[in-house]
Amino acid sequence: MIGGASTTLVFGFSAIGSSLTICLEMSGTVLKLTVAGASKQLWFFFTRQDAASAAGAAETADIAKQRPIDPQTLICAYRSTPQVFEYCLIGNTKSTAGSCPWIWHRKFAAEARDAVFTTTRAIDRGTEYILPMETGASPPARDQSSPGSYGQLTNGQAMHVLICGGGVIGASIAYFLSRRGIRATVFERTGVACAASGKSGGFLALDWCDGTPLAALARRSFALHARLAEVDADWGYRRLTTYGGFGGRRSRLGGAYNLDWLSADARVTRQLGSTETTAQVHPARFSEAMMRAAQARGAALRIGRISDVVRRADGAVAGIVVDGETVAGDAVVVAMGPWSILAAAWLPLPAVFGLKGHSLVFGTGASVPAQALFCEYREANGAVEAPELFPRPDGTTYVCAISSESPLPVDPAAVAPDPGAIERLEAICRELSPALASAKILARQACFRPITPDGLPLIGRVPGVEGAYLATGHSVWSMLNAPATGEAMAELIADGTARTVDLAPFDPARLPSLDPARRHSRAGG
Ligand SMILES: Cc1cc2nc3c(=O)[nH]c(=O)nc-3n(C[C@H](O)[C@H](O)[C@H](O)COP(=O)(O)OP(=O)(O)OC[C@H]3O[C@@H](n4cnc5c(N)ncnc54)[C@H](O)[C@@H]3O)c2cc1C
């Protein structure tokens, strides 16, 4: 706070030739600090209050990030090598989520204005968070030499695949490997489906990814969901009709459809899907069922925290470290959702981020039919949210909305809703539907979806490391795309190539791996 006013600091930067420019905005005043002369290692080190008197107003060009920052934030900028600028901000973020001490770091090529994200960590009251940073790392060369690992090793022994992460992706890979008779063990820190795989919507669509690189994966997966459900449907698989509409302020004009479980103010304007094209699963039950089915075919589940990948002298994977103990294996699959970024300290992996979402589960009984609703909702303060409502066959209705960029706790068990988010979501639900307003709330929760810099999942071999694989970054479509991902990964690991789906668009080698120098924490942990 400066002069008692709530202050937002926006900072952007540009690096041209030997000068570094950082843009700061405080209470509407934009300051531009330009530091010229590349010879000095450490250029400046100051608090935000120092910065307020250090330079004059300037244009806001190159502003890239927005964070409310404590006045005592330390800003440190330096040139680490002749080619690389770095700067670091150390302070307290004040957000709706409270105050969080953090270090934010950016590194980029001297002549570059663009950079890609990597990560660092922060500690707040004992909880460790992963925070975005940036690096100018360049993409690794594609490695065509790795022959991959095969279901049968060259010495004739059966291979053992170590799967890191017991979400829907890890469980599905274990299931499809086990169907091929390949030994798989899933290592999970907290519990199967403890994260987004247990708290997501579980909505499935046949053709909503058409026209994108995800189309074939989604179509294959939609078909697999139906086929799996024929075997054992106790994870709440059903087809449903899906609508789109509006709610909240200015929604009061009539809609084309009348869903009688919605309030009169809700306007349903479109049918987005039919029972031919949209379906649902209960996400936790589906993930757990995949894991159980894998176990029934010989796969194993072990609860423990993975902290490293062990490599042979030739660089190939030899195992993982779980709770301090080395477990030997012939292939390692990283499928830790947003926590896959932790594995970038162990293997050359691209960045993966977590985007938080909030959800409620209502006990609605039989009052809500099999009608999903995607809604645009304008809150009283003008904010626009996009609630998604999924009534389930078990007599519950799931509603999610309100995304936030809150930092990802290193411990999946420490994920909690942002302050105020659940109350806002409850108010939205009360307005949208009398059936929700009168129903008991069974769960108030938050979880992180894994996202990648280009929005596509990472499914395939880790470039340059024999026996290492990655399957994550499915964003809002992991429940949908888990079966086809599991099937294709099993083919890739067992046969050396995926046949049912072309994995080329999801090749991890398309994105730069994180800079090794940045993979280790700067702020503890
Ligand atoms: C609000 C919301 C709604 C969604 N709705 C839908 C939907 O309707 N349809 C859809 O298709 N998708 C949906 N998604 C997306 C989907 O649910 C997630 O993207 C998906 O669950 C991710 O699965 P995962 O297996 O990759 O990761 P996760 O479910 O995050 O699993 C990763 C696992 O790794 C474990 N782990 C982490 N660190 C370690 C460690 N060091 N050692 C061992 N284990 C570790 C964690 O405990 C966790 O169990 C939604 C997502 C959100 C956030």
Nearest-10 value in Å² for the accessible area of residue 459, using the 1.4 Å probe: 0
Phi-based couplings in Hz for region 309-320 (Karplus 6.51, -1.76, 1.60; Gly and Pro marked x): 10, 8, 10, 7, 4, 7, x, 5, 6, 10, x, 9
Probe 1.4 Å - accessible area at residue 235, Å² to nearest ten: 10
Residue 351 long-range amide H proximity, modeled H, under 5 Å: 514
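What is the local net charge at residue 189, summed over the other residues whose Cβ is closer than 12 Å to its Cβ (Lys, Arg +1; Asp, Glu -1)? Don't skip to the answer; put the middle values down first.
Values: positive: 302, 305; negative: 188, 323, 411.
Here the charged neighbours net out to -1.
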Residue 325 versus residue 258: modelled label distance in nm, points set 7 Å from Cα along the beta carbon direction: 6.4
Backbone HN-Hα couplings from phi across region 270-283 [Karplus 6.51/-1.76/1.60, Hz, Gly and Pro as x]: 9, 9, 8, x, 10, 5, 7, 10, 10, 8, 8, 10, 7, x
Full-extension gain in nm, residue 180 to residue 386, via 0.36 nm per residue minus C-alpha separation: 70.1 nm
Solvent-accessible area of residue 276 with every protein chain in place, 1.4 Å probe, in Å² to the nearest 10: 130
Per-residue HN-Hα couplings for region 378-393 [Karplus 6.51, -1.76, 1.60; θ = phi - 60°; Hz; x = Gly/Pro]: 9, 6, 4, 7, x, 5, 10, 10, 10, x, 10, 10, 10, x, 10, x
Nonlocal amide H pairs with residue 310, under 5 Å, H built at 1.01 Å: 318, 319, 320, 321
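The values are calculated or read from the model by the stated rules, or taken from the named source; none is laboratory data. Predicted, not measured: the structure shown is a model, and the values here were computed from it. All Cβ positions, glycine included, derive from the backbone under ideal geometry; neighbour counts span all protein chains shown. Surface accessibility is based on the protein's heavy atoms, side chains included, excluding ligands, DNA and RNA. Shrake-Rupley method; radii C 1.70, N 1.55, O 1.52, S 1.80 Å.
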